[in-house]
Amino acid sequence: MKHYLTLFFVLLFTLSGSVNAFNNRYAPIQPPIENPVQTIQTALTKLQKFSANKDNTNPQLLRGFIENEIIPHFAFDQMTYWIAGPYARRMNAENLQELENSVKKTFLNSLDKHLSTYNASAVKMNFRRAQYRGPDEVIVSTMLLSPNQRPDRLDFRMKANGSGWKIIDVTANGISATLYYRKHFMSTLREYR
């Protein structure tokens, strides 16, 4: 009897360890503790302060600001995969990396061009409640209210990646950046049919 009782406890502890290992392995991804709305709000506030500064037209300062304060919030690898769409399955890692570098370069050049003439000092930001699309994906929306202009809506699609929330798409007034870039790079993508 004592032997059966010992065997029972050994089996119970073994199974409980296996169950915990199973549960840990297949546990849902835990989103980062950081609030995605706060992430976007902080980045846009920094952008607003920079654009109100007279140095925002200095190309070197502008490029430094974009690379240090804006780019780290983006997951270009995931954006590239979305941009490539069905063509991504036919691309190897080197092809995807080349496309990612092109997307990042085009994105940087676009930001340089637009931010050098943008003054957001009078813009008011109205953030909406985050819309979670699962434990590791969220959409953060904001309305940008400028005097004498119609409001602009920005939707930031974000994904948790362990170190925080990263932007994988931005939609401005209903126009998705990833869809725009997919059209922009279509001639390159068609090579992978």
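The values are calculated or read from the model by the stated rules, or taken from the named source; none is laboratory data. Not measured: the values here are computed from a predicted model. Here Cβ is always computed from backbone atoms with ideal geometry, including for glycine, and neighbour counts include all displayed protein chains. Protein only, heavy atoms only, side chains kept; ligands, DNA and RNA dropped before computing areas. Shrake-Rupley method; radii C 1.70, N 1.55, O 1.52, S 1.80 Å.
In the stretch 55-193, the alpha-carbon atoms span a convex hull of 134 Å³ per residue. When the residues 116, 141 are ordered by accessible surface, computed with a 1.4 Å probe over the protein chains alone, the sequence from largest down reads 116, 141.
When the surface is traced with a 1.4 Å probe over the full set of protein chains, residue 125 keeps roughly 60 Å² accessible.
Taking amide H as placed 1.01 Å from N in the peptide plane, residue 74 has its amide H under 5 Å from the amide H of 167, each at least 5 places away in sequence or on another chain.
In this structure, the residue pairs whose Cα-Cα separation is over 26 Å, taken from 124/183; 104/166; 46/183; 104/124, are 124/183; 46/183; 104/124. Any idea which of 57, 71, 149 is furthest toward the positive side of the dipole for the stretch 52-193, if Lys and Arg beta-carbons carry +1 and Asp and Glu beta-carbons -1? Sorting the options by dipole projection puts first 149. Taken one residue at a time, the phi angles of the stretch 147-155 give Karplus couplings (6.51, -1.76, 1.60, θ = phi - 60°) of x, 6, 9, 6, x, 10, 10, 10, 10 Hz. Gly and Pro are set to x. 3J(HN,Hα) along the stretch 74-87: 9, 9, 5, 5, 6, 4, 4, 4, 5, 5, 5, x, x, 6 Hz, from the Karplus curve 6.51 cos²θ - 1.76 cosθ + 1.60 with θ = phi - 60°, whole Hz, x for Gly and Pro. Our coupling estimate for the stretch 103-116, obtained by passing each phi through the Karplus curve with A = 6.51, B = -1.76, C = 1.60 and θ = phi - 60°, is 4, 4, 5, 4, 4, 4, 4, 5, 5, 3, 4, 6, 6, 5 Hz, Gly and Pro reported as x.
Looking at the stretch 124-170, which trypsin sites (Lys or Arg not before Pro) are in a loop (DSSP not H, G, I, E or B) and have at most 16 other Cβ atoms within 10 Å?
Sparse-neighbourhood loop trypsin sites (Lys or Arg not before Pro): 128, 129, 133.
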